[in-house]
Amino acid sequence: MAPSTSSAITLHVNGEKYTLPVDHRTTLLDALRERLDLTGTKKGCDQGQCGACTVLLDGRRAVSCLQLAVAAEGREITTIEGVADGDQLHPVQQAFVDLDGYQCGYCTPGQICSALAVIEEHAAGWPSAVTDDVRPEAGPPPLTADEIRERMSGNLCRCGAYVSIVQAVARAAGVEAAV
Amino acid sequence: MTTMTGTPAVTGAVGTAHTRVEGVAKVTGAARYAGEIPYAELAHGWLVLSTVARGRIRSVGADAVLAMPGVLSVLHHGNAPRVDTDYVGLLGKPDPTLAVFQNDQVPYLGWPVALVVAETSEQAREAAEALVVEYDEEPHDIAFAAGRDGTYTPEDSAVEKGDVEAELAASAVVLDAEYTTPEEHHTMLEPHAAMARWEDGRLEVVDSNQGTMWVANELAKLFSLDPASVRVRSEHVGGGFGSKGIRAHQVCAVMAATALQRPVRVVLTRRQMFSLTGYRSPTAQRVRLGADADGRLRAFAHEAQNLTSTVHEFVEPSANVGRAMYASDAHHSVNRVVRLDVPTPTFMRAPGEAPGSFAMECALDELAEKCGVDPIALRVRNEPDAGPVSGLPFSSRNLLACFDEGARRFGWADRDPRPGVRREGRWLLGTGVAAASFPSGAGPSTAAVTAEADGTFTVRINAADIGTGARTALTQIAADALQVETGRVRTRIADSDFGPAWIAGGSMGTRSWAWAVTAAAKDLREQLALGGTVPPEGITVRSDTSEALATLAQKERYSFGAQFAEAAVDVTTGEVRVRRMLGIFAAGRIVNPLTARSQLIGGMTWGLSMALHEEAVRDAASGGHVGADLAGYHVAANADVPLIEADWVEDADADDPVGIKGVGEIGIVGAAAAIANAVWHATGVRHRHLPIRPDRVLLGGAVAPAGAEGPDA
């Protein structure tokens, strides 16, 4: 008997449960886009280089093109569709709109998911490659423009909207005056 | 039903910042791009590309693949329908790359040889990767260098005024320098994607492109269809930059949908995009400038060369950039081409101007140094009263106002002109400047504006918003012309059924569409002003700008700009960091300051990326790319980009109903030169080859591109 090449799995996405059979080769990204019709998560390179497919897995950012759907079973997945509170945009989303932190919009869902995680990671005291003092007792470094640029560098934007992306993240993080 | 009389007039939307009308859709993930719309019975196509750079296909092992799970079809040159390529489309004759599977010849590595169609994308991909294609391989030649054998001068690519050689001989100061720019790729974040299906006797294509009518007309010609029977839509486009026209994926999707009689979607992979969707050719340029001791130009000579494929000619018009820029007694500029076993290059953001301005504006900076003149003063000295070659008047030319404003804001007056004198720890610091120019044009367009019975208005125009903000700008323009709030106007775009309109290209889109929308909206307002009620089906007025454009006076119509950059060069690693950039532009009337600023800064970001990062590398042995992906091909990431500021001076075009010139491309022009000039100012070393990589900095600018060393290099 040929080995099975598909399984029924349950994915927890944006607070909803979805049970579906998936081909074992299916990435989380393709499961979201092609099976669950959650196309807000974008496919820019399908090889972990551009960040357009960034989602939150158990609250941490991850590129969904490098996750197999079967390996995401049981994890809390947040996509761009789950960021707003009904019709009320999340402050990060609102800042991207108000400050024009995008142009074509294709990298935007990934940028926003990354920004959500950047703000959390910073608040939790995680250093980055540009943090001067990385001793735990030093606490979170000031969230400067350079810190935001470094922490957002996993998400490419070919339209060249970085300047306003940095401003949008700073506004949402409450450090607009500092950058 | 609503009466339209007595409504207070509202204007002032144009010139006021307006967030994107599709903004909420883009930040919530609700905006659907071409590959994201579900269809019942959708099948998935996956392209198979050649693995040799030249030769013939001996066999395609379709039978083995057809037996794989889910596989529906394998299209290749042995079974694909014939298409008609003997036509002239919007931008000339078609590139044979898009007319897929027509013969057994392979003219470059990454040429489409088959399409595998399956029930799911996983099945299609596995089958495509399993398909065995055998080739009779032939030796290939991909070595690009100026003046190499096979170089030719295409028709109408040279301009001559006066005697350049005589003026050079009579000049007190002569600069003669060669510059190169590498192969560069658009790499928009959304890969090319198309869904094709037959519906009620019509071919429907949902695509990601820069002009639906352009793609619809080419598909109609290729497949010998009545143009009215083809409908192409492209509501949201994840970037284009010149690459999203008619391409292999749409043609494949149509072939497969026709053969299978069900909807077929073809999405290119990131790697496939490197050989199938065009790119900017590498260039080799020589600039010769002859001047009097005070810097007044006597001779201006710019010779540029690019490569193209063996199957289609594309000229990167780098040498055209000077034809409207600087006064000189004699002028010579020419673009030359050589055909190699590589894919066909295409238009990429500021084609010609981007690489051409790098060479020309670096050469001006070198001449300023030789003459001991400030680089801005040198440009002032050579400012023409009329087109330097054509003699035609400028519609408006506010380049010097850009330099004045930029110099003031950048602090240029405080600059020590000597190179290599500012040091901060391990960093050498310098500042540089360059001029920018880009043609302003408009293409014929039609629009329809409808007064709806509920008091709102609907604009229908076959525009494309590839991230430019065109949808929002046209909403503002329509609102002002109708004298209503923008909230009462909805703008529908990117549907070939709306009728002909110009493409999102050449910085001409918003100007072309705004003209048509203004005309229709004004007519409608005049009709409504006569009074009466709006019937349930609304009142629609149409416009066509063809006649108005045909009678436009011949002038030199350009946007201009002044680019400023500060660079820091790490003397230990050779790393170059750009610390700040400022661009001041004279680019017509700015419709939406919020999105226009994004466009200009985006272009300047491209200039930074071009100066320091971008370089597609080919392997001489295989003829293909090394690292054809976003890890191998570097574009600027967030941490590479400092605070970039863009602003503008008053420059409304009096001959345009809205005063627009276009802002899509001017931002990249001159930006790489300003950075290279800043690197010289920091280090005292001229960098004439892009990108300015750390190894080039450490070796003092001496590393020329590999291709220039000849085929054996």
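The values are calculated or read from the model by the stated rules, or taken from the named source; none is laboratory data. Note that this is a predicted model, so its numbers are computed, not measured. Quick reminder, even Gly has a Cβ in these numbers, built from the backbone with ideal geometry, and neighbours come from all protein chains shown.
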Task: the stretch B:182-207 residues that are of a type in the set (Phe, Trp, Tyr), paired with ones that are in a strand (DSSP E or B) (beta carbon under 9 Å, 6 or more apart) - done: B:198/B:204
Task: Filter result for residue A:49 (in contact with a strand residue (DSSP E or B) (Cβ under 9 Å, 6 or more places away or on another chain), within 11 Å of chain B (Cβ to nearest Cβ), under 18 Å from residue A:152 (Cα atoms) and not β-branched (Val, Ile, Thr)) - done: yes
Task: Exclusive hit being more than 14 Å from chain A (Cβ to nearest Cβ), buried (at least 22 other Cβ atoms within 10 Å of the Cβ) and over 24 Å from residue B:199 (Cα atoms), set B:74, B:65, B:10 - done: B:65
Open item on the list: If I go through the stretch B:623-634 residue by residue, how many of them are within 10 Å of another protein chain (Cβ to nearest Cβ) and either assigned to a strand (DSSP E or B) or buried (at least 22 other Cβ atoms within 10 Å of the Cβ) (or both)?
Closed with: 2
- [ ] Please tell me if residue B:247 is touching a residue at least 60 places away in the same chain (Cβ under 8 Å) and within 25 Å of residue A:43 (Cβ to Cβ).
- [x] yes
- [ ] Return the only residue of B:345, B:355, B:351, B:388 being farther than 30 Å from residue B:309 by Cβ and at pLDDT 95 or above.
- [x] B:388
- [ ] Output the residues belonging to the stretch A:71-83 that are surrounded by fewer than 19 Cβ atoms within 10 Å (Cβ to Cβ) and on the phi < 0 side of the Ramachandran plot.
- [x] A:71, A:73, A:75, A:76
- [ ] Run down B:299, B:327 and say which single residue is of a type in the set (Gly, Ala, Ser), crowded, with 24+ Cβ neighbours inside 10 Å, within 23 Å of residue B:374 (Cβ to Cβ) and over 22 Å from the mean Cα position of the chain (by Cα).
- [x] B:299
Task: Evaluation of residue B:148 against (1) part of a loop (DSSP other than H, G, I, E, B); (2) within 23 Å of residue B:321 (Cα to Cα) (one fails), failing number - done: (2)
Open item on the list: Just to be sure before I move on: is residue B:415 of a type in the set (D, E, K, R) and under 26 Å from residue B:174 (Cβ atoms) in the structure I sent?
Closed with: yes
Task: Index of the failed condition, residue A:74 passing every other in (1) in a loop (DSSP other than H, G, I, E, B); (2) within 8 Å of chain B (Cβ to nearest Cβ) - done: (2)
Task: Residue match in the stretch B:594-611 (condition: assigned to a loop (DSSP other than H, G, I, E, B) and either aliphatic (A, V, I, L, M) or within 14 Å of chain A (Cβ to nearest Cβ) (or both)) - done: no
Task: Flag for residue B:460 being touching a strand residue (DSSP E or B) at 6+ places or on another chain (Cβ under 9 Å) and assigned to a helix (DSSP H, G or I) - done: no
Task: Output for the stretch A:100-131, where each listed residue is crowded, with 20+ Cβ neighbours inside 10 Å and among the aromatic types (Phe, Trp, Tyr) - done: A:102, A:106
Open item on the list: Out of A:21, A:3, I need the residue that is more than 9 Å from every other protein chain (Cβ to nearest Cβ) and assigned to a strand (DSSP E or B). Which one?
Closed with: A:21
TODO: Evaluate the following for residue B:153: is it outside the structural domain of residue B:610 (by TED's automatic domain parsing) and in contact with a strand residue (DSSP E or B) (Cβ under 6 Å, 6 or more places away or on another chain)?
DONE: yes
Open item on the list: Looking at the structure I just gave you, is residue B:83 over 13 Å from residue B:48 (Cα atoms) and in contact with a Leu (Cβ under 6 Å, 6 or more places away or on another chain)?
Closed with: yes
TODO: State which residue is surrounded by the fewest Cβ atoms within 10 Å (Cβ to Cβ) when the search covers only the stretch A:52-70 and only residues that are within 18 Å of residue B:29 (Cβ to Cβ) and among the hydrophobic types (A, V, I, L, M, F, W, C).
DONE: A:57
Open item on the list: Is it the case, given these coordinates, that residue B:510 is surrounded by 17 or more Cβ atoms within 10 Å (Cβ to Cβ), not assigned by TED's automatic domain parsing to the domain that holds residue B:677 and not aliphatic (A, V, I, L, M)?
Closed with: yes
